[in-house]
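First up is the structure itself, then whatever we jot down about it.
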Amino acid sequence: MIHLDSRKQGAVEAVERRFAATWSAADGVAPDAWLSVEGRRIAVVVSAIDAGPGGRVATPRPRFDKVALRLVRQLEATLSPDIPDGEAVILTVTAPIRLAGQTAAALADMVGDGMAGGAPLDLHEVVCGNQIRARRVDGVSLRAPKVIGFVHNPGPGQAEALLTVTQCLLRGLGAADDLPSGHEAERWLVIADPQGAAPLKTWGQVLDQLAIQGGPAKILLAGRGGRVEILAE
């Protein structure tokens with residue numbers, strides 16, 4: 001039987017209350033729990049955000065102007081073919097971007113070199129005056145993009161917030177996809193964020209950027225005070 005840590009169990013119990021359901025621990029390695037809602041048996045996967053010692057992340061301000069979107073598309077096209085299945089690279093770049101072509105080329109070279117030989121990747125660099133972050137993530141859904149890029153306004157902690165939220169969602173979606181055959185029950189993904197580390201808007205922005213089709217029937221955010229929000233269904 002799986003024994004959930006306090007964050008995951010609290011998230012499942014919050015969802016239980018929200019949907020007037022009952023839950024039970026799962027046997028074996030997956031899912032994290034079973035939920036019974038109106039006679040339906042639902043396999044629940046829980047992904048807990050790791051916000052670090054402070055328990056909070058900054059509120060990022062991503063940019064979606066033409067230059068930002070063009071840079072992200074260029075990086076996706078350049079890097080995606082070399083990223084193994086089941087992995088992804090999350091990139092963040094501060095705005096404004098004045099030398100988009102040079103920035104994209106230099107960042108692609110750095111990420112490619114950093115990933116050589118399957119090494120972990122967690123870049124902190126400055127390229128053409130822009131602060132750059134890049135992080136390699138494993139356990140990712142095969143339906144997810146292999147490169148997820150964000151251009152954001154400068155500010156303390158914004159890049160780390162985007163990296164942390166995106167990593168949490170990617171791994172949760174990957175875990176939901178990886179439930180073994182025989183789990184034909186409806187699947188829900190629950191994000192455990194009991195300290196309210198990231199605002200609801202940020203979760204929504206990142207989920208929109210992932211643009212993954214299919215997957216869990218519901219994606220829920222179990223936040224501060226046991227409040228449960230529906231991110232997608």
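Can we say GLY225 is part of a loop (DSSP other than H, G, I, E, B), at positive phi and either more than 12 Å from the chain's Cα centre (by Cα) or not assigned by TED's automatic domain parsing to the domain that holds PRO84 (or both)?
Details: part of a loop (DSSP other than H, G, I, E, B): no; at positive phi: yes; either more than 12 Å from the chain's Cα centre (by Cα) or not assigned by TED's automatic domain parsing to the domain that holds PRO84 (or both): yes.
No, not satisfied.
Whether any residue in region 85-97 is assigned by TED's automatic domain parsing to the domain that holds TRP188, within 22 Å of the chain's Cα centre (by Cα) and hydroxyl-bearing (Ser, Thr, Tyr) is what I want to check. Explain how you work it out, then say what you get.
Our first condition is that a residue be assigned by TED's automatic domain parsing to the domain that holds TRP188; within region 85-97, this holds for none.
No, region 85-97 has no match at all.
Go through region 171-201 and count every residue that is in a helix (DSSP H, G or I) and in contact with a strand residue (DSSP E or B) (Cβ under 9 Å, 6 or more places away or on another chain). Let's see the steps before the verdict.
Step one: list which residues in region 171-201 are in a helix (DSSP H, G or I), which gives 171-177, 200-201.
Those left that are additionally in contact with a strand residue (DSSP E or B) (Cβ under 9 Å, 6 or more places away or on another chain): 171-177, 200.
Result for region 171-201: 8.
Would you call VAL127 surrounded by 13 or more Cβ atoms within 10 Å (Cβ to Cβ) and more than 22 Å from the chain's Cα centre (by Cα)? Even if it seems obvious, please write down each step before you answer.
Working: surrounded by 13 or more Cβ atoms within 10 Å (Cβ to Cβ): yes; more than 22 Å from the chain's Cα centre (by Cα): yes.
Yes; evaluated as a whole, the condition is true for this residue.
Checked against the criterion of being more than 25 Å from ASP138 (Cβ to Cβ) and in a loop (DSSP other than H, G, I, E, B), the candidates ARG56, ARG70, ARG41 yield just one match: ARG56. Within region 24-38, residues that are loosely packed, with under 15 Cβ neighbours inside 10 Å reach partners that are at pLDDT below 80 with beta carbons closer than 6 Å, at six or more positions or on different chains, in the pairs ALA25/MET1; ALA25/ILE2; ASP27/MET1.
The values are calculated or read from the model by the stated rules, or taken from the named source; none is laboratory data. The structure presented is a predicted model; accordingly, all values stated were derived computationally and were not measured. So basically every Cβ, Gly included, is an ideal-geometry build from the backbone, and we count neighbours across all protein chains shown.
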